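Chemist: Take this structure first; my questions come after.
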Number of protein chains: 4
Amino acid sequence: MKKIVISTGGGDAPGLNAVIYAVTKSAYQRGWEIYGSKSGYRGLLDPDELIRLTPEKVEDIMPLGGTILGSTNKGNPFAMPVENLAGEIQTLDLSDRIMRNFRRLGFFCHIAVGGDGSLEIAHRFAQEKGMPVIGVPKTIDNDLEATQRTFGFDTAVSTATEALDKLHSTAKSHDRVMVVEVMGRDSGWIALNAGISGGADVILIPEIPFDIELVCQKINDNELRDKHYAIVVVAEGAKARGMKKAVCKKNCELGRDGELLGGIGEWVAEHIRKLTGKDTRSLTLGHLQRGGSPTTFDRLLALRFGGAAVRMAELELFDHMVALKTPDMAAVPLAEAVKGRKKVEVNSDKLLTAREIGICFGDNN
Amino acid sequence: MKKIVISTGGGDAPGLNAVIYAVTKSAYQRGWEIYGSKSGYRGLLDPDELIRLTPEKVEDIMPLGGTILGSTNKGNPFAMPVENLAGEIQTLDLSDRIMRNFRRLGFFCHIAVGGDGSLEIAHRFAQEKGMPVIGVPKTIDNDLEATQRTFGFDTAVSTATEALDKLHSTAKSHDRVMVVEVMGRDSGWIALNAGISGGADVILIPEIPFDIELVCQKINDNELRDKHYAIVVVAEGAKARGMKKAVCKKNCELGRDGELLGGIGEWVAEHIRKLTGKDTRSLTLGHLQRGGSPTTFDRLLALRFGGAAVRMAELELFDHMVALKTPDMAAVPLAEAVKGRKKVEVNSDKLLTAREIGICFGDNN
Amino acid sequence: MKKIVISTGGGDAPGLNAVIYAVTKSAYQRGWEIYGSKSGYRGLLDPDELIRLTPEKVEDIMPLGGTILGSTNKGNPFAMPVENLAGEIQTLDLSDRIMRNFRRLGFFCHIAVGGDGSLEIAHRFAQEKGMPVIGVPKTIDNDLEATQRTFGFDTAVSTATEALDKLHSTAKSHDRVMVVEVMGRDSGWIALNAGISGGADVILIPEIPFDIELVCQKINDNELRDKHYAIVVVAEGAKARGMKKAVCKKNCELGRDGELLGGIGEWVAEHIRKLTGKDTRSLTLGHLQRGGSPTTFDRLLALRFGGAAVRMAELELFDHMVALKTPDMAAVPLAEAVKGRKKVEVNSDKLLTAREIGICFGDNN
Amino acid sequence: MKKIVISTGGGDAPGLNAVIYAVTKSAYQRGWEIYGSKSGYRGLLDPDELIRLTPEKVEDIMPLGGTILGSTNKGNPFAMPVENLAGEIQTLDLSDRIMRNFRRLGFFCHIAVGGDGSLEIAHRFAQEKGMPVIGVPKTIDNDLEATQRTFGFDTAVSTATEALDKLHSTAKSHDRVMVVEVMGRDSGWIALNAGISGGADVILIPEIPFDIELVCQKINDNELRDKHYAIVVVAEGAKARGMKKAVCKKNCELGRDGELLGGIGEWVAEHIRKLTGKDTRSLTLGHLQRGGSPTTFDRLLALRFGGAAVRMAELELFDHMVALKTPDMAAVPLAEAVKGRKKVEVNSDKLLTAREIGICFGDNN
């Protein structure tokens, strides 16, 4: 009987359990045995940390957030920091031990669900150690070039939009500016989609460096049209133009290149407060965006990813990753998959629409 | 100053107000005047039924279900049943009167949001009367060939999935079969997507005629694997194989060709009850699926449809319809648009995944 | 070490798992062992159907609908229909066998969570067999005189209100009458609370027999005030005045006293359609109202019920039931508890408010 | 025809629009005219800021968050800071001007919906200027002694619980401690109810000064029982025992008496991180708790408050406030109403249950 092992790694994304559900059910349907490795590769280091997965075991997990396998990132198995009995930290290469266990336990395939870090490690296992690995991409930011969509993103956008809906009425009743910081260190997808569908006046994203004066001008323009409140959505990686160390006080750290590290939402709020005189509040949604039951969109996508991964295993399409190429699923070599990042296109139809319905991006367009 | 008019027609779909919002805001941004015609063409028959739309007026409507313009279908303006003072019903052609008003009021474009019926009428106005018309497709069933997606569908699927989630735990606690009838007269998209993401055991859709015995066998198989409950999702247009008039009693009407008219969910429940002996309940979600605030997915899509419609108006791309061709918006001739219906493909990756995770479609595959 | 057993019986009510959670955690905190009996008394008939409950086991169950113990009602243990090998149904008294197991296994208390049927059986065990039993009331209808509130009710009302919110916008867009049938065979609590908070125009409850003509007059009055739609909420036990067999066709069964059995929502819709000529649709919420994650209100109440039950066990306050007497929990003798039904008071402040904001109850007040 | 005026003041609370809805509808039913004063007393200073309220106008507002009247607090009319043309701020007493307008416009009653600040001003108008005023209490914190419940509280608790549900699965998957700061400057009601129903391990409230070491011990105890994550709910007014200025660095300001001003959630997270070595994140829910559609519980309560206010106006029960004394509504003199604050009772049944299901409050009990 064929045996496969599945692991989940990296930050949380709603839909991980749906992948596990689909992999388990469709592997089982083929008569395979399926095991889950807890906390990334831990189950391959220590077989006590392997769980036998059956249809009964996964019956109710599909709509649940998180991952039943756990996902604590204890680092890269090729260079793992380990504490010895004397309390010293040593960096060990555990990859051979993992491969030995993988072979000894008779697995014919490892389905690795993870972000770009985890997928790179999976690729290295395939290349250097000959592990038959299949990747399933996981990034809540939806910024992977190789696949049109990743699961978790729709849920994160929905959570952020719901928050904006809630803040809308209270901002309006109190003539307030509400600044909401959402996830997106390198790309503005969550900010853009949530901002548009949540009725934001201003959206600030990493792809478009913003001028805080133009942001404030938009808010003042609202006043002229008898709209006395505003909603400002800020991606955590948004960058202010001409930001100097001197300007950044409370809550702002600056990196080597003078960029703001953390607290951009608070920073934007403080500047709006000063420059417009309006009552301005800020809120950081943080981990709320990674939690909760996946939306139906994400459940379907995650299930399809899981189903396709098992079909790829059957075809022995190893060292590849599952990807969505509407309307079908495709196999992309892992080598390519981990390279490209997808940015918000400044000239896309979506951005154009956003501008035309009056949303300001803090630039001169 | 350019003036345009927008109308909404046909059954409800969450996202209609988001289209109106985007059209109003982006027309206004171009310096145009924008008017809404109440209840389809009523505003073009009687200018008292026209509403001036401004950014202030649409400010809060985006997340709302329904349509602020109303959508009561009082029939086809080319052959409208009208009651005269004597109480007699006459069929009148009101199209010339509508065109006269359209010209007299100085509109340069009509944006018609509607289902295939409304789009066909719009196309006829363009062809026969020379009305500069732009169509925006609206069908909650997502079954239009010309566009990859229509707004309202994601919301309907979410509502149905949420219902399935609720029924899941209570079915399990009570060892019950729950049969849920969802929308889909001609296509099974809602049933398929909601059924998969809501963890259904059985999904019955118009594209795959089902055998009630195979459905019951699946439910009995569950028992063997110690699963004593089941969720069955039935599209309203699902068809039983070999269904005879004699079998259909309570709640079942049969059409000319011996097909079941209405009540298929109840019919399925009754047969499961008899054939398996299990406690079986049925529920019809009905209009719940057409209501409520649109999901972020539908809001975004509807806004993009509205924005694209205004850009098409600017380019005078009349007698065309807005369509989604991922990742862009496209213009499709109305003549083509109203033709093709999109059915669930029996060999698609989605259906394959559904079968592999153990879902039964009532056929022999 | 003290050992207790808990069972859940009767129809589903969101919050059952929260009771099990609180009982398990607070019994464990006292150093007791706690067991769950599956499907009512089945675990006491057959120890294989007992589950050891620990804090780890119940860790995640609190927000879940349903009951992890199952609740299939296989009848009264004092007169249980049992099938023998020859396929004949015999009625057996299993109460002594249950008591023997209860004593043999060393339980000092049975916490019985259930509706009036289950509580009566529990009381009989206490009286006739000397079982040290503590009741926890469970009725989604909130119609128990002995306690101010029962868990599950707030969730059911929320589900129904959410449905009304969804139907509101679509009814308005299409000038429709929407008739929604909700639970409440003997009392109108769910209909009343959901109807008021869901903005209903008409609420029909068992406590106030309605006149269908007055209902239609209210809907026609709406028209005069330029409101062309209406929401009608009907409790399943609502009764039409002067209803005769002749009037009831499709979907309506009449009982011995000429009352309508089932389908009252559909009946009301059909009459409104005929008498007002308006486009009228009906919907039955059914089991949706029993499912889903409990609201915070219900979670808190269920947890407090569970905690109080364990304190009562400690005090050996047997043959009593937990009850809410704001702001405290009280112990009520089971003998009393199962008697009184709480009806909607026709002169209560809530009903008065409902009438004053214009809601029609189908009577002449 | 009798004329009344209604105003809303102070911070937002879901349910304000439901009060306006009930007051409008039930005043209209009596044949009265009803006006809304924008932004507190602004409509009484400047009649241009009065809105005529009719059943049509309020038709759809009941489920909406915020208040259609606006609630910007521009200070106390008895001592209002006003900017003159020279840009200087003067403090003016506008109360006589308000009373003149009130009489000139022929109002016979003012229904003032607001928090303790607004109610005190209303009381002063009644006492010093003879304004016939009726108060409706509004505090999201539920900390008013005079009424058992206030609207908005159930919604705030639900929002916070939903956030905890979302964080639960992600905390568990990643072996994390999540610290969530909720509202409650002086009382711990929101923290207590949300914490219990959201499955928190630790709840820190103003009524029980906490010892951070005991909090960390609870988290370490979790580890022993193989639970590697924890949820900590902190009311914004929670106080650490023995907190010294030296300990408080980043994000912490200390007041005159050495108490922490703002950022208590962040402070708790930082200390847990240091003292337990666990991956710890913090989140502040902030204004999310004041927004959104009211729960059915809050809608019902707000509607009953509004209905009772109009009945009190009819009875000329001025200088009184509406209050809930289960199961009825009562009239409480405003003089009393604004006095007592309701604190979490340390010996209440709810707190006892919380402790018994294993929740830690950071004290030695």
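The values are calculated or read from the model by the stated rules, or taken from the named source; none is laboratory data. The shown structure was predicted, so the numbers you read here are calculated from the model rather than taken from an experiment. Don't worry about glycine lacking a Cβ; one is built from the backbone with ideal geometry, like all the others, and counts go over all protein chains shown.
Chemist: Just need a number here: residues in segment A:276-299 that are part of a helix (DSSP H, G or I) and either in contact with a Lys or Arg (Cβ under 8 Å, 6 or more places away or on another chain) or within 8 Å of another protein chain (Cβ to nearest Cβ) (or both). Walk me through it before giving the result.
Modeler: We begin by selecting, within segment A:276-299, every residue part of a helix (DSSP H, G or I); these are A:276, A:286-290, A:296-299.
Restricting the remaining residues to those that are either in contact with a Lys or Arg (Cβ under 8 Å, 6 or more places away or on another chain) or within 8 Å of another protein chain (Cβ to nearest Cβ) (or both) gives A:286-288, A:290, A:296-297, A:299.
Residues in segment A:276-299 being part of a helix (DSSP H, G or I) and either in contact with a Lys or Arg (Cβ under 8 Å, 6 or more places away or on another chain) or within 8 Å of another protein chain (Cβ to nearest Cβ) (or both): 7 in total.
Chemist: Ok, one more. Go through segment C:315-340 and count every residue that is exposed (fewer than 14 other Cβ atoms within 10 Å of the Cβ) and either closer than 24 Å to residue D:324 by Cα or within 10 Å of chain D (Cβ to nearest Cβ) (or both).
Modeler: 4
Chemist: Tell me whether segment D:263-275 contains one or more residues that are farther than 26 Å from residue D:163 by Cβ, modelled with pLDDT of 85 or more and surrounded by fewer than 19 Cβ atoms within 10 Å (Cβ to Cβ).
Modeler: Our first condition is that a residue be farther than 26 Å from residue D:163 by Cβ; within segment D:263-275, this holds for none.
No: zero hits.
Chemist: Note down all Cβ pairs under 6 Å where the first residue falls in segment A:6-29 and is facing chain B (nearest Cβ under 9 Å) and part of a helix (DSSP H, G or I), the second is surrounded by fewer than 24 Cβ atoms within 10 Å (Cβ to Cβ) and of a type in the set (Gly, Ala, Ser), and they're at least six residues apart or on different chains.
Modeler: Hits for this filter: A:25/B:358.
Chemist: So, one more: What are the pairs with Cβ atoms under 7 angstrom where one residue, in segment C:123-152, is polar (S, T, N, Q) and the other, located anywhere, is surrounded by 24 or more Cβ atoms within 10 Å (Cβ to Cβ) and not in a loop (DSSP other than H, G, I, E, B)? Sequence gap at least six, or different chains.
Modeler: If the second residue must be surrounded by 24 or more Cβ atoms within 10 Å (Cβ to Cβ) and not in a loop (DSSP other than H, G, I, E, B), the pairs left are C:142/C:153; C:142/C:189; C:147/C:137; C:147/C:323; C:150/C:137; C:150/C:144.
Chemist: A further question on this structure: Condition test on residue D:240, is it hydrophobic (A, V, I, L, M, F, W, C), modelled with pLDDT under 95, touching a strand residue (DSSP E or B) at 6+ places or on another chain (Cβ under 9 Å) and assigned by TED's automatic domain parsing to the domain that holds residue D:283? Spell out the reasoning first.
Modeler: Working: hydrophobic (A, V, I, L, M, F, W, C): yes; modelled with pLDDT under 95: yes; touching a strand residue (DSSP E or B) at 6+ places or on another chain (Cβ under 9 Å): yes; assigned by TED's automatic domain parsing to the domain that holds residue D:283: yes.
Spelling it out, residue D:240 is indeed hydrophobic (A, V, I, L, M, F, W, C), modelled with pLDDT under 95, touching a strand residue (DSSP E or B) at 6+ places or on another chain (Cβ under 9 Å) and assigned by TED's automatic domain parsing to the domain that holds residue D:283.
Chemist: Do the conditions hold for residue C:343, that is, is it out of contact with any Lys or Arg (no Cβ under 7 Å at 6 or more places or on another chain), farther than 25 Å from residue D:359 by Cα, modelled with pLDDT under 90 and assigned to a loop (DSSP other than H, G, I, E, B)? Before you say what the answer is, go through the steps one by one.
Modeler: Values: out of contact with any Lys or Arg (no Cβ under 7 Å at 6 or more places or on another chain): yes; farther than 25 Å from residue D:359 by Cα: yes; modelled with pLDDT under 90: no; assigned to a loop (DSSP other than H, G, I, E, B): yes.
Answer is no for this residue.
Chemist: Determine if segment C:69-92 includes at least one residue that is in contact with a Leu (Cβ under 9 Å, 6 or more places away or on another chain) and within 14 Å of another protein chain (Cβ to nearest Cβ).
Modeler: Yes, segment C:69-92 has at least one match.
Chemist: In this structure, does residue B:135 turn out to be within 14 Å of another protein chain (Cβ to nearest Cβ), within 18 Å of the chain's Cα centre (by Cα) and closer than 28 Å to residue C:171 by Cβ? Break it down stepwise before answering.
Modeler: On the way: within 14 Å of another protein chain (Cβ to nearest Cβ): no; within 18 Å of the chain's Cα centre (by Cα): yes; closer than 28 Å to residue C:171 by Cβ: yes.
When the stated conditions are applied, residue B:135 does not pass them.
Chemist: Go over the candidates C:98, C:196, C:134 one by one and state the one that is surrounded by fewer than 24 Cβ atoms within 10 Å (Cβ to Cβ), of a type in the set (Val, Ile, Thr) and modelled with pLDDT of 95 or more. Can you show your working first?
Modeler: Details: C:196 fails: surrounded by fewer than 24 Cβ atoms within 10 Å (Cβ to Cβ); C:134 fails: surrounded by fewer than 24 Cβ atoms within 10 Å (Cβ to Cβ).
Just one listed residue meets the conditions, C:98.
Chemist: Please enumerate the residues belonging to segment C:183-225 that are more than 14 Å from chain D (Cβ to nearest Cβ), more than 25 Å from residue B:69 (Cα to Cα) and either without any contact (Cβ under 8 Å) to a residue 12 or more places away in the chain or part of a helix (DSSP H, G or I) (or both).
Modeler: C:212, C:213, C:214, C:215, C:216, C:217
Chemist: Tell me which of these residue C:29 doesn't satisfy, since it passes every other one: (1) within 20 Å of residue B:174 (Cβ to Cβ); (2) out of contact with any strand residue (DSSP E or B) (no Cβ under 7 Å at 6 or more places or on another chain).
Modeler: (1)
Chemist: Of the conditions (1) among the aliphatic types (A, V, I, L, M); (2) over 28 Å from residue D:355 (Cα atoms); (3) touching a helix residue (DSSP H, G or I) at 6+ places or on another chain (Cβ under 6 Å), residue C:303 clears all except one; give me its number.
Modeler: (2)
Chemist: Return a yes/no flag: does segment A:38-46 have any residue that is within 13 Å of another protein chain (Cβ to nearest Cβ), surrounded by fewer than 20 Cβ atoms within 10 Å (Cβ to Cβ) and among the polar types (S, T, N, Q).
Modeler: Of the residues in segment A:38-46, the ones within 13 Å of another protein chain (Cβ to nearest Cβ) are A:38-40, A:42.
Going one step further and asking which of them are surrounded by fewer than 20 Cβ atoms within 10 Å (Cβ to Cβ), we end up with A:42.
From what is left, the residues that are among the polar types (S, T, N, Q) are none.
No, the conditions are met nowhere in segment A:38-46.
Chemist: Here's another thing I want to ask about it. Could you run through segment B:346-356 and say how many residues are within 11 Å of another protein chain (Cβ to nearest Cβ), touching a residue at least 24 places away in the same chain (Cβ under 8 Å) and of a type outside the set (Ser, Thr, Tyr)?
Modeler: Residues meeting the conditions: 3.
Chemist: Now, a different point. Scan segment D:166-182 and give yes if some residue there is outside any strand (DSSP E or B), within 14 Å of chain A (Cβ to nearest Cβ) and within 22 Å of the chain's Cα centre (by Cα), otherwise no. Even if it seems obvious, please write down each step before you answer.
Modeler: Kept after step one, since they are outside any strand (DSSP E or B), are these residues of segment D:166-182: D:166-176.
When the remaining residues are screened for being within 14 Å of chain A (Cβ to nearest Cβ), the result is D:166-176.
Those left that are additionally within 22 Å of the chain's Cα centre (by Cα): none.
No, segment D:166-182 has no match at all.
Chemist: Hey, another quick one. Taking only segment D:51-84 into account, find how many residues are surrounded by 20 or more Cβ atoms within 10 Å (Cβ to Cβ) and assigned to a strand (DSSP E or B).
Modeler: Going through segment D:51-84 one residue at a time, the tally reaches 1.
Chemist: Do you know which residues across segment A:315-340 are in contact (Cβ under 8 Å) with a residue 24 or more places away in the chain and part of a strand (DSSP E or B)? Before you say what the answer is, go through the steps one by one.
Modeler: Within segment A:315-340, the subset in contact (Cβ under 8 Å) with a residue 24 or more places away in the chain is A:316-326, A:329, A:332, A:334-340.
If the condition is that a residue be in contact (Cβ under 8 Å) with a residue 24 or more places away in the chain and part of a strand (DSSP E or B), then A:320, A:321, A:322, A:323, A:324, A:325, A:329, A:332 are the ones that fit.
Chemist: Checking residue D:147 against (1) in a helix (DSSP H, G or I); (2) of a type outside the set (Gly, Ala, Ser); (3) within 14 Å of another protein chain (Cβ to nearest Cβ), only one condition comes out false. Which one?
Modeler: (1)
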